[in-house]
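**Q** Here it is, the structure, as structure tokens.
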Amino acid sequence: MNAPLTNIRVLDLTWNLPGPYATDQLAQLGADVIKIEPPKGDPARGMPPLFEALNHRKQCQTLDLQQPEDQARLLELVETVDVLVEGFRPGVMDRLGCGPKVARVRNPRLIYCSISAFGQTSPQREQPAHDLNIQALTGVCHLNRDARDHPDGLALPVADFAAASRAVAFICAALYARERNDGQGTTLDIAMTEEVGAWSHVWSLVDLVGASGDRIPSWAKPLAQPTLRRIARIGLHALPHYGVYRCRDGRHIALGIVTEGHFWRGLCEALDLPRFADWSLPARALGSPILKTVLARTFRKHTQAEWVARLAHLPVTAVRTPAEFFSENTAARISDEYSTK
């Protein structure tokens, strides 16, 4: 079976991470991607492994878009493609003579996708921002704390990847809609803040102990407020059975039980902790400091491999490095599933 985006041509005017990752996903789905770089190249070329991972499926060309002749060449390319993805700050493409209005006059079938921090019409559209700034603005840093309980950024660039994933979904939907709309293209405005903000909002709705602990006696609420605030902030990570634990050999396992009572009871049985098996979810959240101490002490009794084998019937996995994951070629098989090579 042909890859889903076979015969779709994409013009990639993005650098660094969000846009290149999005267009790489399109290439994995079968699209023919033409990447335009400035004379000095994509800044990611300074990190060769990253650049290769994001761009090895693309045809790279160099254009100096400050020069009128190369701007004209860009417009010629626009006429030949189905999708254009750009990652400049709002207004830059207009100044280069290839904004969405001009491009879609030249090619009415074009799907024109802009990826930026705040979107094309936001009051903050001129403000520069990278992944950490978006994490800070959307509440991710508030949710993720360092050892001193200070807001901190996630090491994984979640805003970049979230924006890229949103762009791919919207582009595929727009291509489908084009076939149902007399071949007319459209303009897409992808704002990093919108996607990560939506994720942050959904996560903030997690309520493990009822509406701010409405089952807690009124006399005890003042004492429980710090715990309730922490539970509201970190959500599932407040649970003793949703976290990472150290094993006897110094390696770690991830325990990923969410609300499933049968998994919790199965864990208590496997660890010989029957006295905790019937604790309700709110009780487990509020009693997490005690339960986490008990679990941590228990998991230090055996090695990572022993626990993974012993708890194979539960959502328990080894904590690996990216290199360990890729050494098994699992990710490579996933990435190349729709490759046209």
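**Q** What are the residues in segment 307-328 that are open to solvent by less than 80 Å² (accessible area, probe 1.4 Å) and among the charged types (D, E, K, R), if any?
**A** Of everything in segment 307-328, just one residue is open to solvent by less than 80 Å² (accessible area, probe 1.4 Å) and among the charged types (D, E, K, R), namely Glu324.
**Q** So, one more: Where residues in segment 16-61 are of a type in the set (A, V, I, L, M) and assigned to a loop (DSSP other than H, G, I, E, B), which of them is most open to solvent (accessible area, probe 1.4 Å)?
**A** Met47
**Q** Next up: Hey, can you tell me all the residues within segment 277-300 that are exposed (fewer than 14 other Cβ atoms within 10 Å of the Cβ) and assigned to a helix (DSSP H, G or I)?
**A** Of everything in segment 277-300, those that are exposed (fewer than 14 other Cβ atoms within 10 Å of the Cβ) and assigned to a helix (DSSP H, G or I) turn out to be Pro289, Ile290, Thr293, Ala296, Arg297.
**Q** Which one of these does Gly97 not meet: (1) under 16 Å from Thr14 (Cα atoms); (2) small (Gly, Ala, Ser); (3) in contact (Cβ under 8 Å) with a residue 24 or more places away in the chain?
**A** (1)
**Q** Quick check on my filter: what residues within segment 62-113 are outside any helix (DSSP H, G or I), closer than 24 Å to Gln124 by Cβ and more than 30 Å from the chain's Cα centre (by Cα)?
**A** Residue satisfying the conditions is Leu96 alone.
**Q** Could you list, in sequence order, all residues of segment 244-276 that are assigned to a strand (DSSP E or B) and surrounded by fewer than 19 Cβ atoms within 10 Å (Cβ to Cβ)?
**A** Within segment 244-276, Val244, Arg246, His252, Ala254, Gly256 qualify.
**Q** In segment 6-15, which residues are open to solvent by 20 Å² or more (accessible area, probe 1.4 Å) and either of a type in the set (Ser, Thr, Tyr) or in contact (Cβ under 8 Å) with a residue 40 or more places away in the chain (or both)?
**A** Across segment 6-15, the qualifying residues are Thr6, Ile8, Arg9, Trp15.
**Q** With the structure loaded, tell me whether Leu295 is of a type in the set (A, V, I, L, M) and modelled with pLDDT of 95 or more or whether it fails that test.
**A** Yes: the conditions hold for Leu295.
The values are calculated or read from the model by the stated rules, or taken from the named source; none is laboratory data. From a predicted model like this one, the values you see are computed outputs, not experimental measurements. Don't worry about glycine lacking a Cβ; one is built from the backbone with ideal geometry, like all the others, and counts go over all protein chains shown. Heavy atoms of the whole protein, side chains included, go into the accessibility calculation; ligands, DNA and RNA do not. Shrake-Rupley method; radii C 1.70, N 1.55, O 1.52, S 1.80 Å.
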